[in-house]
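What follows is one structure encoded as structure tokens, with my remarks underneath.
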Amino acid sequence: MEQTNESSGRLIAIGDIHGCNAALQAVLAAINPQPTDILVTLGDVVDRGPDSKGAVDTLLQCGQQTQLVALQGNHEEMMLNVLRGSESHHSWLRYGGVETLDSYGFDGGLDFLPEAHRVFFESLGDYFVYEDYFFTHAAYDPALPLEEQTVEMLRWHSLRQGVPEPHHSGKTAFVGHTANHEGQILDVGHLVCLDTHCYGGGCLTAMDVRTRQTWQANQDGVLLS
């Protein structure tokens with residue numbers, strides 16, 4: 001997904017939420033999104049944390065107030081594959097799916113998603129390009145155009161396996177997926193990783209990509225910056 005017309009508002013990326021709805025609400029309250037802003041969620045809204053359903057509800061409400069661009073992470077991929085019957089549930093449940101099902105009041109049927117949530121998950125993109133920046137969940141192949149990237153690279157590649165070189169487009173990448181267990185932002189210049197391990201004792205991070213202003217809150221919803 002690419003958008004070329006410039007916005008008069010802010011361009012803000014939000015790292016992996018992982019069901020931490022209280023943190024998400026605190027960060028959004030501090031940001032106070034406006035209709036001209038663009039908010040990009042970098043994937044992994046669900047799993048591991050306590051309130052995946054609530055986090056999706058919060059994003060749907062946010063999308064009525066501002067321009068929301070929601071990307072798909074590997075955890076959404078696992079969940080959707082289970083719901084479509086194309087993948088066993090075992091991996092998803094082992095990596096946080098149990099918490100997601102609990103938040104939806106799962107009673108044994110795979111039709112637990114409210115219709116608005118189903119539409120939200122089905123609409124998630126793989127990447128977003130805007131001005132001098134691009135956004136995706138995990139990483140990228142520096143030599144390939146974004147439309148030719150593999151799902152494995154966009155959603156699953158860990159930066160611990162290697163941080164990619166600058167993308168051939170010259171644009172700065174904003175990603176999540178690789179959690180920094182100290183709650184620190186990884187910024188190597190051409191790539192910024194905003195997964196600051198909220199569900200595991202770190203924080204949720206949002207960043208205005210132009211000014212590098214940040215907003216952070218812990219899982220309890222306490223604003224840190």
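Taken across the range 98-118, residues that are in contact with an Asp or Glu (Cβ under 6 Å, 6 or more places away or on another chain) and closer than 29 Å to Val163 by Cα do not occur at all. Among the numbered conditions (1) over 14 Å from the mean Cα position of the chain (by Cα); (2) open to solvent by less than 40 Å² (accessible area, probe 1.4 Å); (3) closer than 19 Å to Phe128 by Cβ; (4) without any contact (Cβ under 8 Å) to a residue 40 or more places away in the chain, the only one that Leu11 does not meet is (4). Please go through the range 138-166 and pick out each residue that is within 14 Å of Tyr127 (Cβ to Cβ) and hydroxyl-bearing (Ser, Thr, Tyr). Hits for the range 138-166 are Tyr140, Thr150.
Among the strands (runs of 3 or more DSSP E) contained in the range 113-211, which hold 3 or more residues that are among the hydrophobic types (A, V, I, L, M, F, W, C)?
172-175, 191-193, 204-208
Scanning the range 132-155 finds one or more residues that are within 13 Å of the chain's Cα centre (by Cα), among the basic types (Lys, Arg) and either within 23 Å of Arg84 (Cβ to Cβ) or modelled with pLDDT of 95 or more (or both).
Here Glu182 passes the criteria (1) more than 16 Å from Tyr127 (Cβ to Cβ); (2) surrounded by 20 or more Cβ atoms within 10 Å (Cβ to Cβ); (3) not β-branched (Val, Ile, Thr) except the one numbered (2).
The values are calculated or read from the model by the stated rules, or taken from the named source; none is laboratory data. Note that this is a predicted model, so its numbers are computed, not measured. Cβ coordinates were reconstructed from backbone atoms using ideal geometry, including for glycine residues, and neighbour counts include every protein chain displayed. Please note that ligands, DNA and RNA were not included when accessible areas were found on the heavy atoms of the full protein model with its side chains. Shrake-Rupley method; radii C 1.70, N 1.55, O 1.52, S 1.80 Å.
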